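Everything below concerns the one structure shown next.
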Amino acid sequence: MPAVAYVNGRYGPIAEAGVSVEDRGFQFADSLYEVVAVLNGRFLDWEKHLWRLRRGLSALFIEGLPSDAALAHIARRLVGLSRYADGLLYIQVSRGAGRRDHPFPSDTPATLVLTMRRFDFRQRLPQLETGVPAISVPDQRWARCDLKTTGLLPAVLAKQEARAAGAFEALFVKDGTVTEGGSTNIYMVTADGVIVTHPLSARILPGIARDTLLDLAREAQMKVEERPFTIEEARAAPELFLTSTTAPILPIVRLDGGAVGTGRPGPVTARLGQLAWAEIGRQTGWKP
Ligand code: PMP
């Protein structure tokens, strides 16, 4: 079977999967999601993704997700059915389907959807060598960006603007500071080699790749500062880079058309790239 889906107990081809038009995920974006990297048939940072999902569900009062063990069983079965060794496992939990009315419905079970699609992580290796372009856009999102909801319209518009400009990512700018990317966390490296990224707050998603990368950097005795930085600082920085589950780390070599640093990936990002891919290999046994 190629791309596969699980919807509330049923497994099957993605093209045949569906939820009710009254699902609150569809009607209100009343839902949360996770994207987990599958490499060599193994999940990367599985526990961290489950932790973030459960944190979000409890913040939104969505109940009824199966146990961690049951969820892992469903996820493993789906990966097995897909026969893909490398891919992206998508998990979505909505508040369920019910007559359209804003307040929570009573007695409606949550909707649980998982999909598994192929994804070629090898495409990231040449991108790590060359770097990618980015643009900046105003951050027009709501006040709880720490929750991974499917209400992604500002990100959709930002990423579309990036694509139209030939860029890989759009950097959100709020009150002059770079919060994060449309679907990535953003970092700058200062002239004295300090890795700077926006601190955890309601303004950014607590990225799983961010968490892992900062741990790796600190273990390697690299200097890390979690503090807001301005778009002007970013423009003047010798290095910028991004992280995400699907990236997992890429240098940003152009910002709004201007070169970042020398216009080529810098040494700090290159070193972090080695550490990040070594960690992926350690966790999953993945080889390019
Ligand atoms: N920020 C935003 C807004 C995102 O959508 C994502 C990816 N979903 C990230 C950061 C990166 O998070 P992760 O490392 O968990 O993929």
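The values are calculated or read from the model by the stated rules, or taken from the named source; none is laboratory data. Just so it is clear, the structure is predicted and the values come from calculations on it, not from any experiment. Positions of Cβ are generated from backbone atoms using ideal geometry, with glycine treated the same way; all protein chains shown enter the neighbour counts. These accessible areas exclude ligands, DNA and RNA; they are computed on the full protein's heavy atoms, side chains included. Shrake-Rupley method; radii C 1.70, N 1.55, O 1.52, S 1.80 Å.
Numbers at a glance
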{"quantity": "Mean accessible surface per residue for the range 1-111, computed with a 1.4 Å probe while every protein chain stays in place, in Å²", "calculated": "52"}
{"quantity": "Extension gain, R55 back to R122 (0.36 nm per residue minus Cα-Cα distance, nm)", "calculated": "21.0 nm"}
{"quantity": "Å² of accessible area per residue within the range 124-284, as computed with a 1.4 Å probe and no ligands counted", "calculated": "43"}
{"quantity": "Centroid-to-centroid separation of the range 1-47 and the range 249-288 [C-alpha atoms, Å]", "calculated": "29"}
{"quantity": "Computed magnitude of the charge dipole of the range 225-288 (debye, nearest 20; Cβ of K, R +1, Cβ of D, E -1)", "calculated": "340"}
{"quantity": "Reciprocal of mean inverse Cα separation for the range 193-287 (Kirkwood radius, Å)", "calculated": "14.0"}
{"quantity": "Lys, Arg +1 and Asp, Glu -1 on Cβ, resulting dipole of the range 4-119 about Cα centre, debye, nearest 20", "calculated": "300"}
{"quantity": "Kirkwood Rh in Å, taken over all unlike Cα pairs in the chain", "calculated": "19.8"}
{"quantity": "Accessible surface of the chain [probe 1.4 Å, protein heavy atoms]: carbon and sulfur percent", "calculated": "54"}
{"quantity": "Gain upon complete extension [R271, A72; 0.36 nm per residue less C-alpha separation]", "calculated": "68.4 nm"}
{"quantity": "Rg and Dmax of the range 124-284, Cα atoms only, in Å", "calculated": "14.4, 40"}
{"quantity": "Rounded to the nearest 10 Å², the accessible area of E63 at probe 1.4 Å", "calculated": "150"}
{"quantity": "Sequence-distant lysines (8 or more away, or on other chains) whose Cα lies within less than 28 Å of K174", "calculated": "K48, K148, K159, K223"}
{"quantity": "Span-rule helices in the chain, defined as complete DSSP H runs reaching 24 Å or more along the axis (Cα) with Kyte mean at least -0.5", "calculated": "267-284"}
{"quantity": "Which of N40, A110, V21, positive extreme of dipole for the range 4-119 (C-beta unit charges)", "calculated": "N40"}
{"quantity": "For the range 40-148, Kirkwood radius (reciprocal of mean inverse C-alpha pair distance, Å)", "calculated": "16.9"}
{"quantity": "Contact order relative to length of the chain, as percent, for alpha carbon pairs under 8 angstrom and 6 or more apart", "calculated": "18"}
{"quantity": "Whole-angstrom gap from the range 171-210 to the range 108-129, using each part's C-alpha centre", "calculated": "22"}
{"quantity": "With at most 11 neighbouring Cβ atoms within 10 Å, loop chymotrypsin sites (Phe, Trp or Tyr not before Pro) (DSSP) excluded, longest segment of the chain", "calculated": "143-288"}
